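Chemist: Here it is, the structure, as structure tokens.
The values are calculated or read from the model by the stated rules, or taken from the named source; none is laboratory data. Since the model is a prediction, treat every value here as computed from it, not as a measurement. Note that we place each Cβ from the backbone using ideal geometry, even for glycine, and neighbour counts take in every protein chain shown. These accessible areas exclude ligands, DNA and RNA; they are computed on the full protein's heavy atoms, side chains included. Shrake-Rupley method; radii C 1.70, N 1.55, O 1.52, S 1.80 Å.
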Amino acid sequence: MSFPPPNAGPFNFPKEEETVLQFWRDIDAFQTSLKQSEGKPRFTFFDGPPFATGKPHHGHLLAGTVKDIITRHAHSTGHHVERRFGWDTHGLPVEHEIDKKLGITGKEDVMKMGIEAYNNECRSIVMRYSGEWKSTVERMGRWIDFEKGYKTLDPTFMESVWWVFGQLFNKDLVYRGLRVMPYSTGLRTPLSNFEAGSSYKDVNDPAVTVAFPLIDDPSTSLLAWTTTPWTLPSNLAICVHPEFTYLKIHDVEKDRNFIILEDLLKTLYKDPTGKDKAKWKKVGSFLGKDMKGWRYEPLFDYFVEQFEDRAFRVVCDNYVGNDAGTGLVHQAPAFGEDDNRIAIENGIITKDETPPCPIDETGKYTNQVPDFEGVYVKDADKEIMKLLKTRGRLIVQGVLKHSYPFCPRSGTPLLYKAIPVWMVKVEDYRDRLVANNNKTRWVPEYVGENRFGNWLKNARDWNISRNRYWGTPIPLWVSDDMSEVVCVSSIAQLEELTGKTGITEIHRHDIDALTIPSKKTPGTVLRRVEEVFDCWFESGSMPYAQNHYPFENKEKLEGEGGFPADFISEGIDQTRGWFYTLLVLATHLFDKAPWKNVICSGLVLAADGRKMSKSLRNFADPVEVINKYGADALRMFLVNSPIVRGDNLNFKEEGVKLVISRVLLPWVNSYNFFASHVAILKKTHGIDFKYDPNAKLSDNVMDRWVLARCQSLIKIVHQEMDAYRLYTVIPRLINLIEELTNSYIRFNRKRMKGSDGIEDTQTALNTLFEALFTLCRTMSSFTPFITESLYQRLKVFIPPTEDTTQDLRSIHFLPFPEPKEAYADEAVQVAVRRLLSVITIGRKLRDDKSLDLKTTPLTELVIFHPDPAYLADVKGLEGYLLSELNIESVRYTSREEDVNVVYKALADWPVLGRRLRGAMPKVKAALSALSSDQVKEFKSTGTIEVAGQTLTTGDITVTASVDFTGNTDFHGGMGDKAEAKEDGELIVVLDIRSSPELVLKGLSRGFIASVQQLRKKAGLQATDDVDVFYRNASEQMAGVIQANQEAIGRETRSTALDYAQKSESAKVLFEEEIEIANEKVLVTVAQRVVKSKVCKGFEARVSLKITNVFQGEVI
């Protein structure tokens, strides 16, 4: 398809992107690019699988953009990059949806309907939003293969998961143990520790202090503190710190003795050493280790018979803290990891023994606790406290606001309870995990070193089992007493062991009924354990399972460049999720990290800093944002934000809009300028412009500068992309676009119009084409749509080549450009950078005094810099300086006395003050009193003594300014009619005096600028010739217009005439009253009327037809 110029009117980026998408579909661009790169070095990318049970959000779009940029760039730099989309289709997110839909509350409900029916319900929704995912991913410009994508429910994927597990099992890395695990009553299954740590909320929980009377001294009670009263029925011990000092006190009001940590008396009394001192008396004190073995009366008798001979006594452990509570910790081994450990260490329970755990899978008490049977434990807190109060055991009742873990899926509070689970050993391999991770590159680095690195150093054994139904079944067949265990690692092995053939599906309902004859006890059979894999085990297996390794495609993993992946990327929340499981499994399998480079982005939050929430409606729908501003704008906004440095982003739609106005529109306008002047060249000289890639290097300094800047961009993108620092690239692009539009094009308008001859015009156009073409090729990975759109329009100016091996149809088929060393010119870049610094300050000086740049010419600019080479660079480009600042002359000096330079010393007091402390006031006073000469000396030496303190370059910043009280010869006469600004060592002084001659020049330039604006409003193109008629002008204004006819015609392609000369047949295109420096004039833009001979001896008046060829900036 062709890319005609857009219609007149605002450039519609979303609509243009739709055109590009259709073009890509027409040429099958992604698959074509893959075919083109076959045989090239592999760049391996692993894509973490999302769930398709929800629609993609801004976080997904960010991750997809980062992945697309890196993989596109890898392709453009000569690599073959296979990109396959994956779907996470198993696990709790899917089951939770079905449970809500069907009203399922427990295992009985599932068994009643049957696992097969339940799993079929799950299967029916796993791809619910796959269509939305595909369309959104495509609309964002991401190239990835959905057709060859993988799903974790595929039998091939599941079989590879079995293989991974089998490798771990055979290495003795899998064991079954009773562990206190975070448990979701909403999902009725345990979670892994990293899942449990992903969703904390601030809640108000009861904080109670409970009395445990001593057996040997019933008048004295141990005081234990807890925020989980529901665990008290399962109490088996009280723990103290062996080295802490505990007090035995007598409570005067209650007439009872209590034992409490000396440092925590405030739990009983608000002011124990002040106004409440009379409420208690010290009876005695002892160390915690002296209390070990003391026996106390149980709170409840539910488990007394079972544990009376070994429980209900004081134990010691260093985990007890002294920051809250009483210093005595109630122990319920079924509901706390430390509680369980301490109970085992003290012989209260054995390692394989189930401690008292009287709650069912939904978090309700069982008949083991008849007083609260059927009550949800969190709801039972009040009833338990009420009962303890009646028994005189509740001493203090309060509320504590603290952070508590919640189930990230169901939103229910997590409980910690002891359950039998299948674990993968991790703790014994922490050193290998850390070592392997240290061999990889993290962007940002601190996430890998700190957040992820610290997590690895404290990694716990991994619970990989879930008591659920829709997932990959754990392939273990066991005897009833667990003494015989067989691990199955493939479908073929399962068929061999069970005698069942033709197995094609291996979900629970497909294989649960299959048994394996026992070798240990002939005549009996082994049955599969009920659990399925945690879905994180599946996603962590994706490097192997996506290719059905090792059953197929061995070369994809074992071949050169197959493993580890060159690149992966996800959000920072995956440091305890996918990144972690990938590393654990790869370390156990191959003792290496599964990635070489990882980009870890922050989280996308709503504009108010809160989590994006559908219920709160605090964020814009991603699809709506794309349809409003386009994908390129959204991509650039995300990648140029702190989020790709690991920080969070408060998403604001205004930021996306700003990308349009600041980057994309100026970029398009740069092309518009080029195209319009190519059209002028054709119209005025009959020359069809063609790009010459081998053109002789231009002698024009601005041509050399912009081409050198392009080479710098190419180099920096090469460098930063090699380091995976995406966030440093966009600012460079923005700078170059600003330089192209605000400097190069501005400085070369007249050249493009032919002011220095046709050959120079073609040289300038060739330079501008080179810059635009370089921008498109360099930035195609970041902004795939606009670069394609512009390339398709630039392509018509590229002459055909004899090389038929290169497919030129798309910008994304072209290689990333290599820097042209012939164009590299650091000296030119330095000189122009200095020029632009002066221009920037000059513009600020004008702005401060409201001196219009176009209509207010000024006499003189004075530039001071101590380095003569700096001044020489600017002087060599003086013509641009005069034009851009609309001044008549420039004077240069490196003599400070010429402009009365005054130096001052400034300090960062909040920083310096922390070092100086008490000496700061004296130093501050002395620093402000330093003379200009003293500061100047410090500037050269880098050290100075101030009020007895030695200050160095890092402590002080030196600023320079102009003292206008000294009426020197250099700027004498300006008096208060001068303004100065400084930037480091550069000082610019502007003479703001006016004169009659300057006023007339200002009127001329103002009229030309106004005519240009009227041409734009009339929808004219740069090639359109029109007549401009003026009326109601003052004598002075009319004289200015008449005296500057040549300049007006050259600059505006318009003839300025008195309105009386307007022909009645001239069609009026636009009319408006303009005002220039208080001079008002009514201006009419009309079609030009020319004489044309249509037959011998006869003349007719013919009106030229003006065609809007290309929307854009009219110059």
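Yes/no matrix, rows are residues, columns are (1) open to solvent by 10 Å² or more (accessible area, probe 1.4 Å); (2) within 19 Å of the chain's Cα centre (by Cα); (3) of a type outside the set (Ser, Thr, Tyr); (4) under 23 Å from residue 715 (Cβ atoms):
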site: 47; (1), (2), (3), (4): no, yes, yes, no
site: 54; (1), (2), (3), (4): yes, no, yes, no
site: 59; (1), (2), (3), (4): yes, yes, yes, no
site: 62; (1), (2), (3), (4): no, yes, yes, no
site: 76; (1), (2), (3), (4): yes, no, no, yes
site: 85; (1), (2), (3), (4): no, no, yes, no
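Chemist: To continue, here is another question. Just the residues that are open to solvent by 70 Å² or more (accessible area, probe 1.4 Å) and without any contact (Cβ under 8 Å) to a residue 24 or more places away in the chain, please, taken from region 263-280.
Modeler: 266, 270, 273, 275, 277
Chemist: Only residues that are part of a helix (DSSP H, G or I) and open to solvent by 60 Å² or more (accessible area, probe 1.4 Å): list them for region 714-737, please.
Modeler: Step one: filter region 714-737 for residues part of a helix (DSSP H, G or I), giving 714-722, 726-737.
Answer for region 714-737, where residues must be part of a helix (DSSP H, G or I) and open to solvent by 60 Å² or more (accessible area, probe 1.4 Å): 715, 719, 722, 732, 735.
Chemist: With the structure loaded, tell me whether residue 1014 is open to solvent by less than 30 Å² (accessible area, probe 1.4 Å), in a loop (DSSP other than H, G, I, E, B) and closer than 21 Å to residue 753 by Cα or whether it fails that test. Give the derivation first.
Modeler: Numbers: open to solvent by less than 30 Å² (accessible area, probe 1.4 Å): yes; in a loop (DSSP other than H, G, I, E, B): no; closer than 21 Å to residue 753 by Cα: yes.
For residue 1014, the condition - open to solvent by less than 30 Å² (accessible area, probe 1.4 Å), in a loop (DSSP other than H, G, I, E, B) and closer than 21 Å to residue 753 by Cα - is not met.
Chemist: Let me ask something additional. Give me the residue from region 1017-1043 that is small (Gly, Ala, Ser) and in contact (Cβ under 8 Å) with a residue 60 or more places away in the chain and, out of that set, least open to solvent (accessible area, probe 1.4 Å).
Modeler: Residues of region 1017-1043 that are small (Gly, Ala, Ser), as a first pass: 1018-1019, 1022, 1033-1034, 1038-1039, 1043.
With the extra rule that they be in contact (Cβ under 8 Å) with a residue 60 or more places away in the chain, the set shrinks to 1018-1019, 1022.
Numbers: 1018: 28, 1019: 26, 1022: 3 Å².
Filtering first and then ranking leaves 1022.
Chemist: Could you list, in sequence order, the residues of region 874-912 that are surrounded by fewer than 19 Cβ atoms within 10 Å (Cβ to Cβ), without any contact (Cβ under 8 Å) to a residue 60 or more places away in the chain and among the hydroxyl-bearing types (Ser, Thr, Tyr)?
Modeler: 889, 892, 894
Chemist: Which of the residues spanning region 392-406 are part of a strand (DSSP E or B), surrounded by fewer than 18 Cβ atoms within 10 Å (Cβ to Cβ) and either more than 30 Å from the chain's Cα centre (by Cα) or aliphatic (A, V, I, L, M) (or both)? Please lay out each step first, then the result.
Modeler: Step one: filter region 392-406 for residues part of a strand (DSSP E or B), giving 394-406.
This time we only want the ones that are surrounded by fewer than 18 Cβ atoms within 10 Å (Cβ to Cβ), so: 396-404.
Correct list: 396, 397, 398, 399, 400, 401.
Chemist: Restricting region 119-158 to residues that are modelled with pLDDT of 95 or more and of a type in the set (Phe, Trp, Tyr), which is least open to solvent (accessible area, probe 1.4 Å)?
Modeler: Filtering region 119-158 for residues that are modelled with pLDDT of 95 or more and of a type in the set (Phe, Trp, Tyr), the one least open to solvent (accessible area, probe 1.4 Å) comes out as 157.
Chemist: Determine whether residue 892 is among the aromatic types (Phe, Trp, Tyr), closer than 30 Å to residue 856 by Cα and assigned to a helix (DSSP H, G or I).
Modeler: Values: among the aromatic types (Phe, Trp, Tyr): yes; closer than 30 Å to residue 856 by Cα: yes; assigned to a helix (DSSP H, G or I): no.
Spelling it out, it is not the case that residue 892 is among the aromatic types (Phe, Trp, Tyr), closer than 30 Å to residue 856 by Cα and assigned to a helix (DSSP H, G or I).
Chemist: Give 40, 100 a once-over and let me know the one that is open to solvent by 50 Å² or more (accessible area, probe 1.4 Å) and without any contact (Cβ under 8 Å) to a residue 24 or more places away in the chain. Working first, answer last.
Modeler: Details: 40 fails: without any contact (Cβ under 8 Å) to a residue 24 or more places away in the chain.
Just one listed residue meets the conditions, 100.
Chemist: Which of the residues belonging to region 407-418 are surrounded by fewer than 20 Cβ atoms within 10 Å (Cβ to Cβ) and either of a type in the set (Phe, Trp, Tyr) or part of a strand (DSSP E or B) (or both)?
Modeler: 413
Chemist: Any idea which of 172, 255 is under 30 Å from residue 483 (Cα atoms) and open to solvent by 30 Å² or more (accessible area, probe 1.4 Å)? Don't jump to the end; show me each part of the working.
Modeler: Details: 255 fails: under 30 Å from residue 483 (Cα atoms).
Of the residues listed, the single one that is under 30 Å from residue 483 (Cα atoms) and open to solvent by 30 Å² or more (accessible area, probe 1.4 Å) is 172.
Chemist: Considering only residues that are open to solvent by less than 20 Å² (accessible area, probe 1.4 Å) and not hydroxyl-bearing (Ser, Thr, Tyr), which ones fall in region 555-571?
Modeler: Our first condition is that a residue be open to solvent by less than 20 Å² (accessible area, probe 1.4 Å); within region 555-571, this holds for 557, 562, 565, 567-569, 571.
Residues satisfying the conditions are 557, 562, 565, 567, 568, 571.
For (1) assigned to a loop (DSSP other than H, G, I, E, B); (2) in contact with a helix residue (DSSP H, G or I) (Cβ under 6 Å, 6 or more places away or on another chain); (3) free of Cβ contacts under 8 Å to residues at least 24 places away in the same chain, each residue gets a yes or a no:
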| position | (1), (2), (3) |
| --- | --- |
| 460 | yes, yes, no |
| 492 | no, no, yes |
| 496 | no, no, yes |
| 501 | yes, yes, yes |
| 506 | yes, yes, no |
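Chemist: Regarding residue 1001, is this residue modelled with pLDDT under 85 and open to solvent by 50 Å² or more (accessible area, probe 1.4 Å)?
Modeler: Values: modelled with pLDDT under 85: yes; open to solvent by 50 Å² or more (accessible area, probe 1.4 Å): yes.
Considered against the rule, which asks whether it is modelled with pLDDT under 85 and open to solvent by 50 Å² or more (accessible area, probe 1.4 Å), residue 1001 comes out as yes.
Chemist: From the list 283, 377, 320, which residue is farther than 24 Å from residue 398 by Cβ, among the β-branched types (Val, Ile, Thr) and touching a residue at least 12 places away in the same chain (Cβ under 8 Å)?
Modeler: Checking each option against the conditions leaves just 283.
Chemist: For region 491-518, enumerate the residues that are among the acidic types (Asp, Glu) and either within 43 Å of the chain's Cα centre (by Cα) or buried (at least 17 other Cβ atoms within 10 Å of the Cβ) (or both). I'd like the intermediate steps shown before the answer.
Modeler: First pass over region 491-518, keeping only residues among the acidic types (Asp, Glu): 495-496, 505, 510, 512.
Across region 491-518, the qualifying residues are 505, 510.
Chemist: Within region 882-890, is there a residue that is more than 30 Å from residue 743 (Cβ to Cβ) and β-branched (Val, Ile, Thr)?
Modeler: Keep residues of region 882-890 that are more than 30 Å from residue 743 (Cβ to Cβ), which gives none.
Looking through region 882-890, none of the residues is more than 30 Å from residue 743 (Cβ to Cβ) and β-branched (Val, Ile, Thr).
Chemist: Still on this structure, I have one more. Which members of region 472-490 meet the condition of being open to solvent by 40 Å² or more (accessible area, probe 1.4 Å) and not in a strand (DSSP E or B)?
Modeler: Initial filter on region 472-490 (open to solvent by 40 Å² or more (accessible area, probe 1.4 Å)): 480-483, 485.
Selection gives 480, 481, 482, 483.
Chemist: Inspect region 1103-1111 for any residue being part of a strand (DSSP E or B) and modelled with pLDDT under 85 and give the result as yes or no.
Modeler: Initial filter on region 1103-1111 (part of a strand (DSSP E or B)): 1103.
When the remaining residues are screened for being modelled with pLDDT under 85, the result is 1103.
Scanning region 1103-1111, I find at least one residue that is part of a strand (DSSP E or B) and modelled with pLDDT under 85, so the answer is yes.
Chemist: Assess whether residue 641 counts as being out of contact with any Pro (no Cβ under 8 Å at 6 or more places or on another chain), under 16 Å from residue 782 (Cβ atoms) and of a type in the set (S, T, N, Q). Steps first, please.
Modeler: On the way: out of contact with any Pro (no Cβ under 8 Å at 6 or more places or on another chain): yes; under 16 Å from residue 782 (Cβ atoms): yes; of a type in the set (S, T, N, Q): yes.
In short, yes.
Chemist: Within region 513-555, how many residues are part of a loop (DSSP other than H, G, I, E, B), in contact (Cβ under 8 Å) with a residue 60 or more places away in the chain and in contact with a strand residue (DSSP E or B) (Cβ under 6 Å, 6 or more places away or on another chain)?
Modeler: 4
Chemist: With respect to residue 527, determine if the residue is touching a helix residue (DSSP H, G or I) at 6+ places or on another chain (Cβ under 9 Å) and under 25 Å from residue 419 (Cβ atoms).
Modeler: Working: touching a helix residue (DSSP H, G or I) at 6+ places or on another chain (Cβ under 9 Å): no; under 25 Å from residue 419 (Cβ atoms): yes.
No, not satisfied.
Chemist: Of all residues in region 420-439, which are crowded, with 19+ Cβ neighbours inside 10 Å and either polar (S, T, N, Q) or modelled with pLDDT under 90 (or both)?
Modeler: 421, 436, 437
Chemist: Pairs under 7 Å by beta carbon, first residue touching a residue at least 40 places away in the same chain (Cβ under 8 Å) in region 752-772, partner assigned to a loop (DSSP other than H, G, I, E, B) and buried (at least 23 other Cβ atoms within 10 Å of the Cβ), six or more apart or different chains?
Modeler: These pairs meet every condition: 764/748.
Chemist: Within the bounds of region 286-306, is there any residue that is under 18 Å from residue 260 (Cβ atoms), open to solvent by 30 Å² or more (accessible area, probe 1.4 Å) and either among the β-branched types (Val, Ile, Thr) or under 53 Å from the mean Cα position of the chain (by Cα) (or both)?
Modeler: In the first step, residues of region 286-306 are kept if they are under 18 Å from residue 260 (Cβ atoms); the result is 286-292, 294, 296-297, 299.
Applying the additional criterion that residues be open to solvent by 30 Å² or more (accessible area, probe 1.4 Å) yields 286-287, 289-290, 292, 294, 297.
After this cut, where a residue has to be either among the β-branched types (Val, Ile, Thr) or under 53 Å from the mean Cα position of the chain (by Cα) (or both) as well, the list is 287, 289.
Looking through region 286-306, at least one residue is under 18 Å from residue 260 (Cβ atoms), open to solvent by 30 Å² or more (accessible area, probe 1.4 Å) and either among the β-branched types (Val, Ile, Thr) or under 53 Å from the mean Cα position of the chain (by Cα) (or both).
Chemist: Quick one: which of 657, 683, 690 is assigned by the TED database to the domain that holds residue 739, in contact (Cβ under 8 Å) with a residue 12 or more places away in the chain and not in a helix (DSSP H, G or I)? Full working, then the answer.
Modeler: Numbers: 657 fails: not in a helix (DSSP H, G or I); 683 fails: not in a helix (DSSP H, G or I).
The match here is 690.
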